[in-house]
Amino acid sequence: MLPNLSLVLGGAASGKSAFAEDLVLNTQLNPVYVATAQVFDDEMAQKVARHRDQRGTLWDTIEEPINVASVLERVTEDDAVLVDCATLWLTNLILGEHNLAKESAALLLALDACAGPVVIVSNETGQGIVPDNALARRFRNAQGTLNQQIAAKADLVVAVMAGLPMTLKGQLP
């Protein structure tokens, strides 16, 4: 059985999303995909279309780049939710000049109150080089803080590298 909150971490193209999708699909609950990506160019439009095609019609997809907390408030006990991903959500907040502390607190409260299990995908950004500009350093630090906050609440934390899951906290269902 999937715990109330799971965090799946990894680098870009590590296999974390596919792993997280499998966690949700194996619950036998209604799979809800919360997509946080925003499309600003053709490359991203193609990526989103490819992911949508790969998921097929099995998923209820909700595109929500900012207010993920409000989506979680509507989840029922018959749903299992995948938020893909916290990294793009955080990027949207920073670029939109939202209040990170306020939005992160709202997300964390919504995770606590969510009626169904939630799996959050997030990038691990702390293992790379120190960024050369202030915005990138601000983002890296904010991502690290958010990952730590979610991991502290999560019953299951898994790191994925080269498609291989490594359990950091809890037990895989």
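The values are calculated or read from the model by the stated rules, or taken from the named source; none is laboratory data. All figures in this text were calculated on a predicted structure; none of them were measured in a lab. What goes into the accessible areas is simple: the full protein's heavy atoms, side chains included, and nothing from ligands, DNA or RNA. Shrake-Rupley method; radii C 1.70, N 1.55, O 1.52, S 1.80 Å.
Maximal additional length on extending the T76-N26 stretch stands at 16.3 nm, based on 0.36 nm per residue less the C-alpha distance.
Taking 0.36 nm per residue of separation and subtracting the current Cα-Cα distance, fully stretching the chain between Q171 and T57 would add 38.1 nm. Stokes-Einstein diffusion for the chain at 4 °C, viscosity 1.567 mPa s, with a Kirkwood radius from C-alpha pairs, works out to 80 µm²/s. Roughly how many percent of the accessible protein surface of the chain is carbon and sulfur, given a 1.4 Å probe and a whole-percent answer? Answer for the chain is 52 percent, counting heavy atoms of protein chains only.
If you take the Cα Rg of segment 61-105 and divide it by 2.2 N^0.38 Å, with N the number of residues, what do you get?
Numbers: Rg = 11.3 Å, N = 45, 2.2 N^0.38 = 9.3 Å.
Normalised by 2.2 N^0.38 Å, the Cα Rg of segment 61-105 equals 1.20.
Ranked by solvent-accessible area (1.4 Å probe, protein heavy atoms only, all chains present), the residues T145, T87 order from largest to smallest as T145, T87. Provide, for q = 0.12 Å⁻¹, the log10 of I(q)/I(0) from a solvent-free Debye sum over equal Cα point scatterers in segment 1-93. Debye curve over Cα of segment 1-93, log10 I(q)/I(0) at q = 0.12 Å⁻¹: -0.36. Rolling a 1.4 Å probe over the protein chains gives W59 an accessible area of about 20 Å². Over all Cα atoms in segment 8-55, the spread is summed up by Rg and Dmax: 12.1, 35 Å.
Over segment 46-173, what is the relative contact order in percent, taking alpha-carbon pairs closer than 8 angstrom and at least six residues apart?
22
So for the chain: antiparallel DSSP bridges make up what percent, rounded to the nearest 5?
15
Give the cross-link partners of K47 among the lysines, using a straight C-alpha distance below 22 Å as the criterion and excluding same-chain residues fewer than 8 apart. Within reach: K16.
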